[in-house]
Each structure stands twice: as structure tokens, then as C-alpha cells.
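The values are calculated or read from the model by the stated rules, or taken from the named source; none is laboratory data. Predicted model, so just to flag it, every value in this text is computed and none were measured. Note that we place each Cβ from the backbone using ideal geometry, even for glycine, and neighbour counts take in every protein chain shown.
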């Protein structure tokens, strides 16, 4: 089947071509670039919602309930579950998905999991491309769920328009430290397992941190190329600031879910009214541009670098007669890209 | 004070110059590069031990106990505690350190915490440089502790020679998924809080995953430059493979610590005997070389790129008439670095 037929089928709502195109971008198939080029003008309509949080918070149950809530509102929903910590596809995450029995067989829902393909950069690219395919396929809501804490959350923040951070009471000593980083990327906090006795304390601690934080929203996402544009920062959009809500839920029985759905819609409206939606989109696209630039430049350096120069550099790194920084300068000189 | 005086003082064991030089590399001080150049030939002696694991596993207590165990063995110990999820320096991690009252005032121990400086790349560089300073300062053991799970662990694996992954029983649903990723980087597993009833089950599950895993050790660390050397992979060293032990501890009272210390020494000996130590060092240095190359190449592109070309590219990204990948190709052509 030609790639044009495949993308045309996707745009007309054909389910099997959707699964196939995501496999293409996941495996970096030779036709993936052309497919993305064809689909690209049809993207930009879906609401990308990131859901993240530490292990044990009940993210998967929340995603499950959100998907059902959107189906009741007759919205088409895609779920992309990403595990940056696992090099194995499927597995544990697919196990979680099996719990979503209420949704199986519903043509308005598409569920897919992706695992690490050997590098975070490779995964981030594949996730970005899969989101474009889902967006072009006409889903109203795309729920991007990640397992794990840390850098993966920053990657989500780059990709999602609304970021939900899920907390739960009683996850141990380090939770406070992690929250400090999470403050930066959350648009909505959910305190799940809110029927536990310590839940109120967790919510109160989060609210206090939000008040004390004064953290410039999304400052982690400043880009060198973007910075060089010498214009207003994308995260200093006009209009009133967004007040991050802290919402209690009991995801396993759906308690508090309507409030989460309402907050997501309010955030989407805030992004539109303030102009921040367009600015976040721009920051994401420029980030993709930079990633492509870096990988292409490195490819050129490797292609131009004589094998004996590289071997000599490595020998001098081995015996510590040259620092990695000095070796980099010598390599740039050797390939004619110095200064 | 001249940078030469400062590095000479460090090499002669002067404590205050150590703290000052780490602040230099942390803040990217103009003199930091020269200091590292001077210290570089004196590095390569310390044993770099990474300790990582999910929140709530008791990593900090384990690090505390390990530091004390090494002091009893008359080894000089440095602890570098890194929080990649927090943009705030000090804070929660420093709070953890206050618990280490047994170690305060001991000149054979140096404790420092580092938080994210706005990007994971910037933090990884600063951590790598701080480790070089500590190494040159003559510490026998450097304990590199990270908070959080996910990509930060891969960063540790790149830097540490021996990676300890700390688990604890009963941390929730997602633990299995995270373990799948952790299998790749652990040299030693510690099941802390082993006095809890579910600890035996956690240890048994880990051992079963290790047997089933068959994961090629450290395959996440393959580098493009290294791959282009067309030689034996750094992680396919000669000699018998290392068998990853699973060790129970109760860190708060020191139970099981002697076994962990012994396993760390056995792993160090294995790295030396198999030649893997030199190969891991090489992979780490080449990784630093690549990071420097990438940042220098991006600097050049930005310097050469006419402002109107960048503005046009951004406008076309905004209206989705150009994909980020196509924009990257146009930018490379504009700065004379195409193909």
C-alpha cells in the first residue's frame, strides 16, 4: 500500500491504518517521514493532556476514568502510555491497560503503549510523532500517560498542553523533594487515594508549596534557539495567570473525576484566551527543530571525521592526556567546523 | 587567588579550596575550564559508586551508613547528592544530610548536594565536573546519590563505576514497570527495609526478573561516536559476567551493610579483572566529548544564522506550513552546513 493511501485512510478515520502508522513512526520506518509530512497540516486540533506522577499514585486508574468520562461526553479519546524507564515494549504497561475493560471494543477509544527504544531522545521523538498521527486522526482528547518521575515529566511538559501531576498520600520521605521539581510543570494537581487518612495533609502541603513556590512557570523549557529570537518569552503570555488547582480524587471509584474534567476544560480555555496555547506549540516545534539539527550535525561530524583522528582522540582520552572538551575542539578543527 | 594556587591547594588536601572549586564548576565560572584541565591528570583513582532508587526506599539512610562503614575502614569518602527533579538548590536534600550527624566534623568526609540548574544536560555536566574535582582531591570512595527514578538513573550509570539500585517492599503498582528499566543499570540490588513482611517477596521478584531478563548490560549507553569506532562494544568485555547480587538491608540500624560493602569491593575487582573499568571510563569520556561537540555546534549555528531566516522559519512552524524537520534542513543550508 502506498504511503499516500495509508495517510488518506487515516484521515478518513480508518482504524487499522492508524495502528500501522504509529508502528511506522515507532520503528523509524523509511516511509515515516513522508507520512508525517502529509499528516502535519492536519494536526493542531487535539487537546494533548499529560498525566504523570510517581509510582503508586494510581495514574493508570485516573487515565482509565478520564477516558470513560470523555466517552460519556461523546469525545474521541486516544491514550498513549509511555514508560521511559523500560527498554521492553508492552509488558507491565499493557498489563495496566487490560484493566480498561470498560473501554475495549469502543471505536471512539484508541489505546497504545510505548517503551524506551534505547535512548530518551529516540523515545521523545517517537512519542512526538505518534502524537501527531493521533492528532491528525481526529481524536478530541489525547491522554499521554508516563510512568516514572524525573526527566520524563519535563519531556511531557514539552509535549502536552495541559499537564496533570498525580500525587497520593504516604509515598515516603523523598516525595517532598520530588514535588519541588513537579511544581514547575503541573497545570493541575490531583491528590488521588483521597479516602486515605493522610490525604488532607498531602493536599495542604501541596497548596502551601504552591503558595511559597513563586516559581516561574515552565522555565525549564527555555530554548537556546527560542531565546535567540529576542522576543517575549513564550511563557510570559498576556492575561491573568493560571491558578493551579489541587483536586482530590478516588480514581478507582470515579470520585472527584467530574471536577478534574472541568479543570482540564478551564485550563484549555485559559490557554486559548491568554494566547499561551500558540506559544507552547511554538516552543514544542522549536524544540523538535533543535533536536533534528543536533542529530543532523552529529551525523555530519561522524561522516567527515577521519578514522585515525577519532582513534587518536580516544587513545588520548584513555591515557588522560586530553580532556573531552579539548578533544571536541580538535575534532571540530579536523572536520572544518572550528570556531 | 590564582586558579593555579587553588588547584595546587586542592591537590595538597586543602578543604576550603575543594568547596570553592565545586562551586566554580557548578556555576560554570570562567576559571572552571582551566581548573578542570589542571586537575584532569590527577583523576581516575577514586571508586565512583552510584546509589539510586525510587522515593521512599531509604537511599539516604543507606548512603549515610555506607559513608560510616568506609570511615571505619579508614577510607576517605565524598557524598554527592543530586536531585535532577528539583530546580532548587539545597532544600530537601540538605535536610536529609542533616541526619548524618555521625559524620559532621570528620575531615575524611565531604558532603555536597546539587540540584538541577534548569536543564538535565547542564546538571549532568556539572555533576561530571564535580566528580572530577572530588576524584583529584583524593577521595577513595565517591558516593553519588540521586533522588528520583527514570532518566536520572541512566545518567548515573554513565558516570558511576558501580551502580547500586535500592528497592523497598510495598511501593505500589508501578514498581514492576520501573524495575524493568532498572535491570539495565544495576550492578548490585539492595532490598532495604528488609524487616518488613513483604521484603522477601520483593527480593524473590527481583531475582526472578534478573533470571528472566537476559538484558544486555548497559545497552542504553551505546554512543554513536563509540559505535563508529567499529570495535568491540565497551560492555562486552572479556572474562566471566558479573552476577548481580540482591542484598537485604535495614539501613536505619546498619543491618546487612557489611555485605553491601563486600559486594561493592567484589564488583570493583570484577571491573578491574575483566577490563571493563577502562571501557566504562572510555564510554563516559566519549559521552562528555559528544555533549561538548553538540553544544559547540549549536552555538555556531545560532551565531551564523541570519535573524530574518530564523524568524521566517518560526512563522512557518506557527502556521504549520513547514515541519520542524524541514525547517532544520533549511537552517543547515542557510548556515552552509547542509549535507
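Regarding residue A:163, is this residue under 17 Å from the mean Cα position of the chain (by Cα) and either within 28 Å of residue B:169 (Cα to Cα) or modelled with pLDDT of 85 or more (or both)? The answer is yes for residue A:163. Could you check the stretch B:16-29 and list, in sequence order, the residues that are surrounded by fewer than 15 Cβ atoms within 10 Å (Cβ to Cβ) and in contact with a helix residue (DSSP H, G or I) (Cβ under 9 Å, 6 or more places away or on another chain)? Answer for the stretch B:16-29, where residues must be surrounded by fewer than 15 Cβ atoms within 10 Å (Cβ to Cβ) and in contact with a helix residue (DSSP H, G or I) (Cβ under 9 Å, 6 or more places away or on another chain): B:16, B:27, B:28.
Take the stretch A:40-59 and flag every residue that is at the interface with another protein chain (Cβ under 10 Å from one of its Cβ atoms) and under 23 Å from residue A:280 (Cα atoms). Of everything in the stretch A:40-59, those that are at the interface with another protein chain (Cβ under 10 Å from one of its Cβ atoms) and under 23 Å from residue A:280 (Cα atoms) turn out to be A:40, A:41, A:42, A:43, A:44, A:53. Within the stretch B:56-89, the only residue that satisfies the criterion of being more than 18 Å from the chain's Cα centre (by Cα) and at pLDDT below 60 is B:88. Quick check: anything in the stretch B:274-282 over 16 Å from residue A:301 (Cβ atoms) and without any contact (Cβ under 8 Å) to a residue 24 or more places away in the chain? Yes. Go through the residues of the stretch A:242-250 one by one and say whether even a single one is under 22 Å from the mean Cα position of the chain (by Cα) and in contact (Cβ under 8 Å) with a residue 60 or more places away in the chain. No, because not a single residue in the stretch A:242-250 is under 22 Å from the mean Cα position of the chain (by Cα) and in contact (Cβ under 8 Å) with a residue 60 or more places away in the chain.
Listed conditions (1) at pLDDT below 65; (2) assigned to a loop (DSSP other than H, G, I, E, B); (3) more than 7 Å from chain B (Cβ to nearest Cβ) are all met by residue A:170, apart from (1).
Considering each of A:67, A:19 in turn, give the residue that is more than 10 Å from chain B (Cβ to nearest Cβ) and closer than 30 Å to residue A:259 by Cα. Walk me through how you get there before you give the answer.
Numbers: A:19 fails: closer than 30 Å to residue A:259 by Cα.
Just a single option satisfies the conditions, and that option is A:67.
Screening residue B:228 with (1) facing another protein chain (nearest Cβ under 8 Å); (2) at pLDDT 80 or above; (3) in contact with a helix residue (DSSP H, G or I) (Cβ under 8 Å, 6 or more places away or on another chain) gives one miss only, at (2). Scanning the stretch B:283-339 for residues that are farther than 19 Å from residue A:337 by Cβ and touching a residue at least 40 places away in the same chain (Cβ under 8 Å) yields a count of 3. Of all the numbered requirements in (1) outside the structural domain of residue A:248 (by TED's automatic domain parsing); (2) in contact (Cβ under 8 Å) with a residue 12 or more places away in the chain, residue A:54 misses one, and that requirement is (1).
Check B:131, B:206 and return the single one that is modelled with pLDDT under 85, surrounded by fewer than 24 Cβ atoms within 10 Å (Cβ to Cβ) and either in contact with a helix residue (DSSP H, G or I) (Cβ under 7 Å, 6 or more places away or on another chain) or closer than 19 Å to residue A:55 by Cβ (or both). Spell out the reasoning first.
Details: B:131 fails: modelled with pLDDT under 85.
Matching residue, one of B:131, B:206: B:206.
Only residues that are touching a strand residue (DSSP E or B) at 6+ places or on another chain (Cβ under 6 Å) and either modelled with pLDDT under 90 or part of a helix (DSSP H, G or I) (or both) were counted across the stretch B:35-54, and they come to 2.
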